[in-house]
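In what follows, a structure is listed as structure tokens, so that the remarks can point back to it.
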Amino acid sequence: MKTIVYGNDHSGVELKKELIPYIEAKGYQVINVGTDTTESVDYPVIGEKVANMVAEGKADFGIAVCGTGLGISLACNKVNGIRACVCSDAYTAKYSRLHNNCNILCFGARVIGPETAKMLIDEFLDTEFEGGRHARRVDLITDIERRNRTAK
Ligand code: RB5
């Protein structure tokens, strides 16, 4: 069974209540590392938790949610090996996998509703990376990461 790590800040608590059961019903195990209360938390902390679990192979994919999806995606993308994308349409979610081999889907709980979120999740989780010329391009992204990597 594949594992999804799901992280959200305070803006995404209500949305998560509908989305985690939805992802589980698709046949995935879901690990919740997000907040479960509306008390304000810092999205970079949650983003790093999601990203580390994916980078360390403890989860196959991540889903990271903040108000816009932007802040948490920026945090996720600071972790080596992570390709996190902010999506609000199904086409982008599909191609984030097909061409970019993204491993974390981000969206904004204050931007989209639950039905759009489910469409994004479907496209993201149901689409395989196409490889070929796209693998070369993704490798070029990894090269940038290697050139700019600093020791932990
Ligand atoms: C929190 O209010 C908000 O700034 C956060 O959820 C996110 O949208 C940041 O990018």
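The values are calculated or read from the model by the stated rules, or taken from the named source; none is laboratory data. These figures come from a predicted structure and were not determined experimentally. Positions of Cβ are generated from backbone atoms using ideal geometry, with glycine treated the same way; all protein chains shown enter the neighbour counts. For accessibility, only protein heavy atoms count, side chains too; no ligands or nucleic acids. Shrake-Rupley method; radii C 1.70, N 1.55, O 1.52, S 1.80 Å.
Each residue in the range 100-115 was checked for being open to solvent by 50 Å² or more (accessible area, probe 1.4 Å) and either aliphatic (A, V, I, L, M) or closer than 18 Å to residue 140 by Cβ (or both), and 2 of them qualify. Annotation note: of 150, 142, the sole residue that is more than 16 Å from residue 69 (Cα to Cα) and not in a helix (DSSP H, G or I) is 150.
Determine whether residue 65 is buried (at least 21 other Cβ atoms within 10 Å of the Cβ), within 16 Å of the ligand (Cβ to nearest atom) and either in a helix (DSSP H, G or I) or not acidic (Asp, Glu) (or both).
Numbers: buried (at least 21 other Cβ atoms within 10 Å of the Cβ): yes; within 16 Å of the ligand (Cβ to nearest atom): yes; either in a helix (DSSP H, G or I) or not acidic (Asp, Glu) (or both): yes.
Here the answer is yes, as residue 65 does meet what is asked.
Would you confirm whether any residue within the range 48-59 is assigned to a loop (DSSP other than H, G, I, E, B), among the aliphatic types (A, V, I, L, M), closer than 16 Å to residue 106 by Cβ and without any contact (Cβ under 8 Å) to a residue 40 or more places away in the chain? Walk me through how you get there before you give the answer.
If we filter the range 48-59 for residues that are assigned to a loop (DSSP other than H, G, I, E, B), which is where we start, we get 56-59.
With the extra rule that they be among the aliphatic types (A, V, I, L, M), the set shrinks to 59.
So of that shortlist, the ones also closer than 16 Å to residue 106 by Cβ come out as 59.
Subsequent filtering for residues that are without any contact (Cβ under 8 Å) to a residue 40 or more places away in the chain retains none.
No, because not a single residue in the range 48-59 is assigned to a loop (DSSP other than H, G, I, E, B), among the aliphatic types (A, V, I, L, M), closer than 16 Å to residue 106 by Cβ and without any contact (Cβ under 8 Å) to a residue 40 or more places away in the chain.
Please find, among 44, 21, the residue that is open to solvent by 30 Å² or more (accessible area, probe 1.4 Å), part of a helix (DSSP H, G or I), free of Cβ contacts under 8 Å to residues at least 40 places away in the same chain and farther than 19 Å from residue 113 by Cα. Spell out the reasoning first.
Values: 21 fails: farther than 19 Å from residue 113 by Cα.
The conditions single out 44.
Reported count of residues in the range 1-15, each being away from the ligand (no atom under 13 Å from the Cβ) and buried (at least 21 other Cβ atoms within 10 Å of the Cβ), is 3.
Table: residues versus (1) under 22 Å from residue 24 (Cβ atoms); (2) away from the ligand (no atom under 16 Å from the Cβ).
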| residue | (1), (2) |
| --- | --- |
| 50 | yes, no |
| 60 | yes, yes |
| 85 | no, no |
| 103 | yes, yes |
| 107 | yes, no |
| 123 | yes, yes |
| 128 | yes, yes |
| 140 | no, yes |
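Does residue 133 count as open to solvent by 40 Å² or more (accessible area, probe 1.4 Å), more than 16 Å from the ligand (Cβ to nearest atom) and in contact with a Cys (Cβ under 7 Å, 6 or more places away or on another chain)? Judged against the criteria, residue 133 is not a match. Reported count of residues in the range 70-89, each being open to solvent by 30 Å² or more (accessible area, probe 1.4 Å) and either at positive phi or not in a strand (DSSP E or B) (or both), is 9.
Summed over the range 19-62, the residues that are closer than 16 Å to residue 79 by Cβ, among the β-branched types (Val, Ile, Thr) and in contact with a helix residue (DSSP H, G or I) (Cβ under 7 Å, 6 or more places away or on another chain) give a count of 3.
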